[in-house]
Structures are given as structure tokens and as C-alpha cells.
Amino acid sequence: MSNPKRPTGLLVFMHGHGSEPIALPDRYRGGMCPGWTCVAPAGPRPADPGRSWFDATARGVDAVQLHASVDLIVALVDELTDALAIPAERVVLGGFSQGGATALATAATGRRFGALLLESAFVPEALDLDIDLSRVNIEHALVQHGTTDDVVPIEVAHWAADALASTGCEVETAWHDAGHERHPGIEATTRAWIERLSATWSGPTA
């Protein structure tokens, strides 16, 4: 029997480098659509301005810091799914830029999640880091990117979308006429995608 107080889905969305949760649209910190719980945690590291999920060095991403952020997100998801009595299959991990990279790294641990929401994201790389997207265990993904992004080239998004699709994930893509920014079309595309997930996930769960 379904629990009427249990949300349809849980979105955990991570801001980009040098930003903070308050900079995100209200929907990412409240309810993207009826029946959803949306949480936007703050990166654990100070940046100027805002917060960060990890630093970059001459060797690439700081692997220790990235793993610490992944552990933080996993612990947060465990806490929220327990409190809300919602299964991992109804959790969406998302993020913009570095936040999206952290979402990808979290999903690449092999833990079960419902979906990925990636905005101008990239796969973290370093000499001592192995983020293997073949380990991702999700059913749905939305990959959005700016066609003129000069920070994270759009080819990175195409590669990530193909890698996720190769795992059997149902991947949707949206390319916006924008650079490395949160284009106005992103929120509308995201909300429509969340609504489609709601239609899929609105039934009872075990």
C-alpha cells in the first residue's frame, strides 16, 4: 500500500563551483512539481565567492575532496530516504557544472538511484581518479548543455549521454543556445522531465 505522505520523488541538486544553494531557482530548493521534495545542499569547501565540491590541481580534480563530497551526498540521500520513506529508485541526483560532476561521481559508485539530472556537467578526471560510468545504476537521465559553452565543451555532454545510454539508461538530451550558464530553457525542460517521471513513479512502491 502506498504511503499518502510519501513524496513522489526526491531531487538532490548540487550547485556549481563558486556558487551556493540560494543562487538556484526556488524550484530546486522547494518543490519542482507537486508531490516532490527538492533539496539543494551546499558544497563542503569554501570558494570565493560561494562554495565548492572539490578543487582542481595540476593533476586534475582533487580525488580526496571529490570522494569526501560523494560520501556527503550518499549520507544525505540515506538520511532523506529514511526520513521520507522513499526508495532509492525515486531519487534524482542532479547538478550544474561541478555539481553535475559530483552527481555523476556519486552515481558511478554503483549505488542504485532513479535518475540523473545533468546541466553543463562533466566527468571528473585526475591521474589518481577513476570515474567509470559503466557502473552507473539508474533508469533515466536528462543531459542539458549550452551549444556555445567555452568552459565545458558540448562534446563532453554528448560523450556522457552516450556512456549513460550504453548502460541501458533512458537518456534525454536538450541543447540550448547558451554558454556555461543556467539558460532560461533549462528550468522549463527540467520541469517537464520531472513531470514525466512523476507520471511513471506516482504508483505504489514496495
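The values are calculated or read from the model by the stated rules, or taken from the named source; none is laboratory data. Just so you know, these numbers come straight off a predicted model, no measurement behind them. A quick note on method: Cβ atoms are made from the backbone with ideal geometry, for glycine too, and the neighbour counts reach across all protein chains shown. Side chains included, ligands, DNA and RNA excluded: accessible areas come from the protein's heavy atoms. Shrake-Rupley method; radii C 1.70, N 1.55, O 1.52, S 1.80 Å.
Summary table
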| read-out | value |
| --- | --- |
| Verdict on Pro46 being touching a strand residue (DSSP E or B) at 6+ places or on another chain (Cβ under 8 Å), open to solvent by 60 Å² or more (accessible area, probe 1.4 Å) and without any contact (Cβ under 8 Å) to a residue 60 or more places away in the chain | yes |
| Qualifying residue in region 76-92 (condition: modelled with pLDDT of 95 or more, open to solvent by less than 50 Å² (accessible area, probe 1.4 Å) and closer than 27 Å to Trp175 by Cβ) | yes |
| Criterion (β-branched (Val, Ile, Thr) and in a helix (DSSP H, G or I)) met by exactly one of Thr109, Thr167, Thr81, Thr148 | Thr81 |
| Residues within region 155-206 that are closer than 22 Å to Ile86 by Cα and not acidic (Asp, Glu), tallied | 17 |
| Test: Leu133 is out of contact with any helix residue (DSSP H, G or I) (no Cβ under 7 Å at 6 or more places or on another chain) and farther than 15 Å from Val92 by Cα | no |
| Only listed residue being within 13 Å of the chain's Cα centre (by Cα), of a type in the set (S, T, N, Q) and more than 23 Å from Asp71 (Cβ to Cβ), chosen from Ser166, Ser120 | Ser120 |
| Tabulated pairs, region 120-134, first within 25 Å of His15 (Cβ to Cβ), second assigned to a strand (DSSP E or B) and open to solvent by 50 Å² or more (accessible area, probe 1.4 Å), C-beta under 9 angstrom, 6+ apart or interchain | Ala126/Ala56; Ala126/Thr57 |
| Some residue of region 177-184 being touching a residue at least 24 places away in the same chain (Cβ under 8 Å), surrounded by 14 or more Cβ atoms within 10 Å (Cβ to Cβ), not hydroxyl-bearing (Ser, Thr, Tyr) and not in a loop (DSSP other than H, G, I, E, B) | no |
